[in-house]
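Trainee: Attaching a single structure in structure tokens format; questions to follow.
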Amino acid sequence: MSNMRTPLAGARRLGAAHSGTHHWLMQRITALAMIPLGLAAAVLFFWASRAGYFEVFAWMHRPWILLFVVLLVIVPLWHGFLGLQVVIEDYVPNRGMAFALITVLRLATVAVALLGIIAAAMVGFRSF
């Protein structure tokens, strides 16, 4: 089997970065994880809209509900980050600008995730 790359491409280290498969797989896993998370969120939010304040507050103190809320924050944010990263990599021609945008996107994603986790923890660990 012959190598299809030119010597110049080899010298410039052009070619597959070997990270696309992992990125693609993580995008699909997070998409699949959002299906049961979304359905459960719809059911639980419907139930919460019918319940009283103190009932929902007590419900948030259950560890599995708190874990569910944290997952409901993290998984869609991760999925969105992965998707926007691909869009930036594919459509921003300037590599420096693409790197800067991905860095800002990464920082914003982490900041929003931390805020969501802290908010969930504040509700989950607070007493009446």
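The values are calculated or read from the model by the stated rules, or taken from the named source; none is laboratory data. It should be emphasised that the depicted structure is a prediction, and the values quoted were computed from it without experimental measurement. Glycine gets a Cβ as well: all are built from the backbone with ideal geometry, and neighbour counts include every protein chain shown.
Trainee: Which residues, taken from the stretch 58-89, are out of contact with any helix residue (DSSP H, G or I) (no Cβ under 9 Å at 6 or more places or on another chain) and either at pLDDT 95 or above or not in a helix (DSSP H, G or I) (or both)?
Mentor: Val87 - this is the single residue of the stretch 58-89 that is out of contact with any helix residue (DSSP H, G or I) (no Cβ under 9 Å at 6 or more places or on another chain) and either at pLDDT 95 or above or not in a helix (DSSP H, G or I) (or both).
Trainee: Which one of Thr109, Thr103 is touching a Gly at 6+ places or on another chain (Cβ under 9 Å) and of a type outside the set (A, V, I, L, M)? If you could, list the steps in order and put the result at the bottom.
Mentor: Numbers: Thr103 fails: touching a Gly at 6+ places or on another chain (Cβ under 9 Å).
After applying the criteria, what remains is Thr109.
Trainee: A follow-up question, please. Could we say that His23 is modelled with pLDDT under 95 and not in a helix (DSSP H, G or I) here?
Mentor: no
Trainee: Return the residues of the stretch 90-128 that are over 17 Å from the mean Cα position of the chain (by Cα), of a type outside the set (A, V, I, L, M) and in a helix (DSSP H, G or I); say none if nothing qualifies.
Mentor: Asp90, Tyr91, Arg95, Gly96, Phe99, Gly124, Phe125
Trainee: Also, I was wondering about something else. Would you mention how many residues in the stretch 60-113 are under 24 Å from Gly124 (Cβ atoms), among the aliphatic types (A, V, I, L, M) and surrounded by 14 or more Cβ atoms within 10 Å (Cβ to Cβ)?
Mentor: Qualifying residue count, the stretch 60-113: 13.
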